Amino acid sequence: MKYGVRIVSVTEPIDSNPEGNLMETILAGFAQFDNDIRATRTVQGMRRKLQEGLFPWKPPLGYKSSTTNGEKKTEPDRPDQPLFELLQKTWKEFSTGAYTKAEIRRLMTNWGVLTQQGRPISSQSLDEFFVNSYYAGILVDPWTSDEHERRHVPMVSKEDFARVQQIIKRRNRSIPHQKQRPEFPLRGLVRCRRCSHYMTASFSRGYSQRYPYYHCGWRQCTFRGKTFPVQAVHEEFEAFLERVAPRPELVAKLADVMVQLAEERQAFVKTKKARVETELARLNKEIQELIRMRAQGLITDDEFLAQKSILTERRFALQSRTTPERVSEGEIRQNIGEITQPLTQLRTTWHALPDPFRRQFERILLPAGFPNQKVRTAELGLLFKVFGDFSEQNPNGVALVRKCWNRLLEEISGFLRVLKHAREEKGTSKDAVRRNPEE
């Protein structure tokens, strides 16, 4: 009305005069009343489902709905295998208290845990995951906070769930601060083989000098107070680096497989893009035909609006689909070529990296660290796991590369960034020494 616009209804007697305003207010009140009644009945239906032990909304990660196409739920949600078992393993490992959230997240990514969008789980999603009582078989009414017993299969026991909540509450930060010292490069990586907690490090004073040791600091560990000489732990880790360092021919084989998969991926993307464009052209043609039919009076307004809404939603869904980024053969070979020598000489690479970048390198190699004197049992990162599958005894590496293509590209890029940043820092340090030789 401010801009001179009038609303005219052919079925309701509304106007800008007092009588029309009264009728508009009355009709709007009835419409609002009807909406409120529908909302109340919807809430009552959802609360009744909760009381019956059914989760009326979309199930969380690790479960899948028992119904499809928006049907009403009559059966509980079902476990989504094999993701369900991987998440069960996550609860079990985190309830021990030996891992931080950041380490558990790296392990989940290494196990192949992905969200429904096909991405690794984020830190915020992991926080929500560990406080969701649904996984312990407890359904919470969001309107009254009442708890109801579930009918779905719980992922974690109530005891382990309570233990995880205590662990989260007790920790102020997910990743504790760890002071870097050149004498203890494995602090924060080596774990106690008895309790799996990270070992700390300190000096012991002898008759003539101080001696560095690693030791477990967890109060309940039976190995607490037992010390392990730094040299022995470092020699074990260096021998492990020599063993897992891939041969140059395996690195070259990885490059060939990555290039081959890149070509297949680009062909698939090209075919998919052409298919989407064909479908978009068909939808646009149908919309134009629909407009022509409405102009000729062959269909009613309601039929026109309904069909146009369906076609527009389909077109928007196709247009909003993201196309995977194109990775060229030259880029893949260049990246793998730059990391070939550091990969094949892991021991030299580890010694040459500065402390901050050495920690990043260790996380790429061993996402969750390694147990002392049992480093062979440690779980390798994806990049090094692929080289193990490329061995002659187990030629299934191609399937693993195809399955974990995106994550493997991220691992290679991350390893390359560590090397580049380390080189840049060394170059900066040398320039500073040249400018200030007295210092």
- Under Karplus coefficients 6.51, -1.76 and 1.60, residue-wise ³J(HN,Hα) of segment 189-194 in Hz, glycine/proline x: 10, 7, 10, 5, 6, 8
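Given the rule -39500 (n - 2.57) for each run of at least 4 DSSP H residues, summed and divided by the residues of the chain, what is its mean residue ellipticity at 222 nm, to the nearest 500 deg cm²/dmol? Mind dumping the intermediate values first?
Working: 14 runs with 242 residues, N = 439.
Computed mean residue ellipticity for the chain: -18500 deg cm²/dmol.
Scaled to the compact-protein estimate 2.2 N^0.38 Å, what is the alpha-carbon radius of gyration of segment 188-297, rounded to two decimal places? Can you show the working numbers first?
On the way: Rg = 31.9 Å, N = 110, 2.2 N^0.38 = 13.1 Å.
Rg over 2.2 N^0.38 Å, computed on Cα atoms: 2.43.
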- Message: Taking every alpha carbon pair in segment 7-77, what does the distance histogram look like in 5 angstrom bins from 0, in percent?
- Response: 3, 14, 15, 13, 10, 8, 8, 8, 9, 8, 4, 1
- Task: Could you tell me which of V398, A102, Y63 has its Cα farthest along the dipole of the chain towards the positive end, charges placed at Cβ (Lys, Arg +1; Asp, Glu -1), taken about the Cα centre?
- Result: A102
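Starting from the Cα gyration tensor of the chain, multiply each eigenvalue by 5, take the square root, and state the resulting semi-axes largest first in whole Å. Don't skip to the end; give the middle numbers.
On the way: eigenvalues 625, 211, 104 Å².
Ellipsoid half-lengths, sorted descending, are 56, 32, 23 Å.
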- Query: Non-local amide H neighbours of R150 (under 5 Å, H modeled in plane, Pro and chain starts lacking H): which ones?
  - Reply: L139
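Which order do peptides 75-82, 93-100 fall in by mean Cβ count within 10 Å, highest first? Before the final figure, lay out each step's value.
Values: 75-82: 15.0, 93-100: 19.1.
Answer by packing, highest mean first, reads 93-100, 75-82.
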- Using only the alpha carbons, work out the radius of gyration and Dmax of segment 190-244 in angstrom. 12.6, 39
- Among F387, L343, Q373, the residue whose Cα sits farthest towards the positive end of the charge dipole of the chain, when +1 is placed on the Cβ of each Lys and Arg and -1 on the Cβ of each Asp and Glu, is Q373
- Size of electric dipole in the chain: Cβ of Lys, Arg +1 and of Asp, Glu -1, about Cα centre, debye, nearest 20: 1720 debye
- Query: Size of segment 94-186 along its principal axes in angstrom, Cα-based, largest extent first?
  - Reply: 54, 32, 22
- Could you list which residues have their amide H under 5 Å from that of G188, counting only those 5 or more apart in sequence or on another chain, with H placed in the peptide plane? M199
- Can you list the equivalent-ellipsoid semi-axes of segment 249-319, largest first and in whole Å, using the square root of 5 times each Cα gyration tensor eigenvalue? 46, 10, 5
- Message: Can you give me the long-range amide H partners of Y63? Hydrogens built in the peptide plane at 1.01 Å from N, cutoff under 5 Å, separation of 5 or more residues or another chain.
- Response: D80
- Note on the structure: Between the residues N284, Q307, V269, the Cα farthest towards the positive end of the dipole of segment 249-319, that dipole coming from +1 and -1 charges on the beta-carbon of Lys, Arg, Asp and Glu, is from N284
- Query: If the limit is 25 Å between Cα atoms, which of K64/K158; K72/K403; K64/K89; K89/K226; K49/K308; K49/K92 go over it?
  - Reply: K72/K403; K89/K226; K49/K308; K49/K92
- Query: If you take all C-alpha pairs in segment 1-47, what percent of them are over 16 Å apart?
  - Reply: 54 percent
- HN-Hα couplings for segment 73-88 via Karplus (6.51, -1.76, 1.60; θ = phi - 60°), in whole Hz with x for Gly/Pro, come out as 6, 10, 10, x, 5, 10, x, 9, 7, x, 4, 4, 5, 5, 6, 4
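How big, in percent, is the set of alpha carbon pairs in segment 35-138 lying more than 18 Å apart?
More than 18 Å apart: 55 percent of the Cα pairs in segment 35-138.
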- Query: Tell me, what HN-Hα J-couplings in whole Hz come from the Karplus equation 6.51 cos²θ - 1.76 cosθ + 1.60 at θ = phi - 60° for each residue of segment 206-214, using x for Gly and Pro?
  - Reply: x, 5, 10, 7, 9, 10, x, 9, 9
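Could you list V251, V276 in order of exposure, starting from the residue whose Cβ has the fewest other Cβ atoms within 10 Å? Could you put the intermediate results ahead of the total?
Values: V251 18, V276 14.
Lowest count first: V276, V251.
Each reported figure results from applying straightforward, stated rules to the coordinates on display, with no laboratory input. Owing to the predicted nature of the structure, the values given are computational and were not obtained by experimental measurement. Please note: Cβ atoms are built from the backbone with ideal geometry, for glycine as well, and neighbour counts cover all protein chains shown.
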